[in-house]
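Bear in mind these aren't lab numbers, they're just calculated from the coordinates by the rules spelled out. On a predicted model such as this, the values are computed, not experimentally measured, just so you know. Here the Cβ positions follow ideal geometry from the backbone for every residue, glycine too, while neighbour counts run over all protein chains shown.
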Amino acid sequence: MVKKMELQQCSDYVVSKNGEVIIDETLASLFGKICLTGNSRNAIKAYIEFVKRNMGSADEEMSILLEKLFVKHPQYVLSIVGYDKDLLNQLEWGFVNNHGVTSKNYKTVFFGINPELKSLYPKYRKAIDYLLNEIGEEIKDWKNE
């Protein structure tokens, strides 16, 4: 469904309310929500591939929903993302936006949202360390603005 929409260059689901056309959902948001409720590994992999194809998009929903998939399926997401810094940066941005963390609590929140991350740490140390470092830097940047 998503690939067909992409081929037809359909990026938004629009509705008409009171004669005015309103964007109800972006394709990224719609696809991400389907993946979250479906629990399909194939759908999660397809969503990550979708994010890769649309890297640089201004649609923040992609990273917000990618991070939600990460929270729900951390090992599977990490196994696909690996050490792809572009995708890890998408996860970082989603984490910061989804959890409203501070420089004092972001590590606690990160490991608290999914205790499985502690056991996954030895296998995915490089990716998790990169994520934590980028989250810390992002929070510093926000504080300095």
message: Given axes a ≥ b ≥ c from the Cα gyration tensor, I'd like to know whether segment 53-115 is rounded (a/c under 1.5), prolate (a/b larger than b/c) or oblate.
response: oblate
field: For Glu25, distant residues with modelled amide H under 5 Å away
entry: Tyr13
query: With charges only on Cβ, +1 for K and R and -1 for D and E, what is the dipole size of segment 2-144 about its Cα centre, in debye, rounded to 20?
result: 660
statement: A correct fewest-to-most ranking of Glu134, Glu60, Glu67 by other Cβ atoms within 10 Å would be Glu60, Glu134, Glu67
query: When the Cα centres of segment 115-141 and segment 72-105 are compared, how far apart do they sit, in Å?
result: 8
- prompt: In nanometres, what is the gap between the two model label sites at Asp86 and Lys118, each 7 Å from Cα along Cα-to-Cβ?
  reply: 3.5
field: Surrounding net charge for Ile113, when Lys and Arg each add one and Asp and Glu each subtract one, Cβ distance under 12 Å
entry: +2
task: Would you mind ranking Trp93, Trp142 by Cβ crowding within 10 Å, fewest neighbours first?
output: Trp142, Trp93
field: Unit charges on C-beta of K, R, D, E only; dipole of segment 14-96, Debye
entry: 360
